[in-house]
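First the structure, in the form of structure tokens, and then the observations on it.
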Amino acid sequence: MKKSAPWYHTTSIYHIYPRSYKDSNGDGIGDIQGIIQKLDYIRDLGFESIWSSPFFASPQADFGYDVADFTSISPEFGSMDDALQLIDEVHKRGMRMIFDLILNHTSDQHAWFKESRSSRDNSRANWYIWRDKPNNWNSMTGGNGWHFAKERGQYYWSSFLPFQPDLNWRNPDVKKAMFDIIRFWLGKGVDGFRLDIFNTIYKDAEFRNNPFTFKLAPTPDDPSGYFQKAKFSQDQPESFELAKELRQVCEEFGDTLTVGEITAKRNIVRKFAGEEKNDGLTLAFDFEMLEFKFTAGYFRRLISDIETHFPPPFMPVYVFSNLDKRRSIHRLGNDMRKAKLLHMLQLTVRGVPCMYYGEEIGMTNLHLPFKTALDPIPHKYTFAPRFVFDLLNVTVNRDEVRTPMQWDSTKHAGFSSAEQTWLPVHPEYGNINVASENLDSASLLNTIRSLMRLRRENPALQTGTLEFLEGLPDEVFGYTRKTETETLLVLLNFGETAKEVRLKFSETAYKLSVGDEAQGESARLNGFGGLILVG
Ligand code: GLC
Ligand code: CA
């Protein structure tokens, strides 16, 4: 008998930034109890897995991506009991809980680092990456990533910000400690992990200098930038091996989802999932698509290339927004019609969809000045005017995509009862919020809900094959999703004008906009309209 697809390949992921989701105790900061209050909302939306950005003990200098203790909870988010309750409440609703794990680095406030930096001969002296002399490597955020610690008279390496020292994974004690953390959380019932900057974990053992490149700014699919190719500071052979080893550790607890944050080209992303077979990470993000172009041609090329790189039994991930880059709707000129079409594609194509909180209602970026940013990154870049970064299309101030979730039109969008919220609520919240979109059957929110339902009810959308439809009008892109018993046709019109399509089908499973029609052998798609047909 054919083995059915593992759950981590048929699931759908909803990504929460806990600081901004829901504040349960009125201190202006979202928290774990707040997430628990909203679990019914997420289940009713139809998502099967929830990934939360980290809420572990942390000085919050990078809002949780600087961990001071991986097995305790930061008080502003709640307690260990709250975290365990969250896992339990997620499971009670038939969903899965995915934690965010930062294996590459810790906070400089972690006890391990404090000890490591204190002298050259303490018991953790070799837990981080120490060198007498820096080489030329740049950090991912720009500028040399080596930082001097006077206690040791040596430099430590950090791939990201100076207060996030990289762990030395070549030390077996470090590896063991980190694997034990994975076992700790799996033992508590966590179903999987999103793995932060996974492809930077190992660096070149000889610390050879990185070569020159003309590339100025890093892009979501290539970390090279600041005139340097990240050849020796990431994607080392040992990191691919680690993906396999980690898979083994996770499988001690049964089927476990692992999704890697890999800033690299698609062939590298694929290698992290495995070479011959999918024996590495179960999933890996492909970030080229964060810079998608809204055309039929772009998506046809994208999906075709992804299918080449991730054929079954591999499974790709479709992600258009996250906590670091501008929200997808920004690329669509904040046009809700286009957002509906984008998500119709995301929820019907062959892959695991991953949606960032607020994306389901079309929450937009909030333009905020660098100077007053809470995010540490923009403070490195106050020397240059803002428009330069906009021209280069880089997101510097990540606060702009992390504003509080817009629940309703009451004060602070129903996010918090505090006087002041940790980041301002987007002033547009009166128009864009869950409560008002709930009332509008044609809203983005209700569109996503219906598409999610369709996805659950039609296994072809989860496990079926994918084949492109040929001979479609310009700007129309279409494909079939097929199992032995079921065929669905998806037609997406990326153009503004209505289009006529001749095809054989028996019924309409879903239409995206009022007026999209299918009768007998012909279908009519409105501008930015879409149809799902049963063939
Ligand atoms: C990842 C996270 C980002 C974080 C960084 C350092 O890129 O998505 O938010 O700041 O890693 O951990
Ligand atoms: Ca709170």
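Yes or no: the range 108-127 includes at least one residue that is open to solvent by less than 30 Å² (accessible area, probe 1.4 Å), under 30 Å from L216 (Cβ atoms) and assigned to a loop (DSSP other than H, G, I, E, B). No; the residues of the range 108-127 include none that is open to solvent by less than 30 Å² (accessible area, probe 1.4 Å), under 30 Å from L216 (Cβ atoms) and assigned to a loop (DSSP other than H, G, I, E, B).
Scanning the range 300-354 for residues that are in a loop (DSSP other than H, G, I, E, B), of a type in the set (K, R) and open to solvent by less than 50 Å² (accessible area, probe 1.4 Å) yields a count of 3.
If I filter the range 462-478 down to residues being hydrophobic (A, V, I, L, M, F, W, C) and part of a loop (DSSP other than H, G, I, E, B), which single residue comes out as surrounded by the most Cβ atoms within 10 Å (Cβ to Cβ)? Per the stated criteria, the residue is L472. Tell me, please, whether a residue that is touching a helix residue (DSSP H, G or I) at 6+ places or on another chain (Cβ under 7 Å), within 16 Å of ligand 1 (Cβ to nearest atom) and polar (S, T, N, Q) can be found in the range 342-359. The answer is no; no qualifying residue exists. Is it the case, given these coordinates, that T263 is modelled with pLDDT of 95 or more and either open to solvent by 50 Å² or more (accessible area, probe 1.4 Å) or farther than 27 Å from V396 by Cα (or both)? So T263 does not fit the description; no.
Taking residues in the range 391-416 that are farther than 13 Å from L323 by Cα and part of a helix (DSSP H, G or I), and partners anywhere that are more than 16 Å from ligand 1 (Cβ to nearest atom) and acidic (D, E), the pairs with Cβ atoms closer than 8 Å and at least 6 places apart or on different chains are G414/D408.
For R183, the requirement of being surrounded by 23 or more Cβ atoms within 10 Å (Cβ to Cβ) and more than 20 Å from P134 (Cβ to Cβ) is not met.
Out of all the residues in the range 516-533, which are outside any strand (DSSP E or B) and open to solvent by 30 Å² or more (accessible area, probe 1.4 Å)? G520, E521, N526 - these are the residues of the range 516-533 that are outside any strand (DSSP E or B) and open to solvent by 30 Å² or more (accessible area, probe 1.4 Å). Scanning the range 1-40 for residues that are hydrophobic (A, V, I, L, M, F, W, C) and within 16 Å of ligand 1 (Cβ to nearest atom), we see that the one that is nearest to M355 (Cα to Cα) is I13. The lone criterion from (1) within 16 Å of ligand 1 (Cβ to nearest atom); (2) surrounded by fewer than 20 Cβ atoms within 10 Å (Cβ to Cβ); (3) within 22 Å of the chain's Cα centre (by Cα) left unmet by N393 is number (1).
The values are calculated or read from the model by the stated rules, or taken from the named source; none is laboratory data. Source: prediction; values computed, not measured. All Cβ positions, even for glycine, are placed from backbone atoms using ideal geometry, and neighbour counts span all protein chains on display. Just the protein is used for accessible areas: all its heavy atoms, side chains included, with ligands, DNA and RNA removed. Shrake-Rupley method; radii C 1.70, N 1.55, O 1.52, S 1.80 Å.
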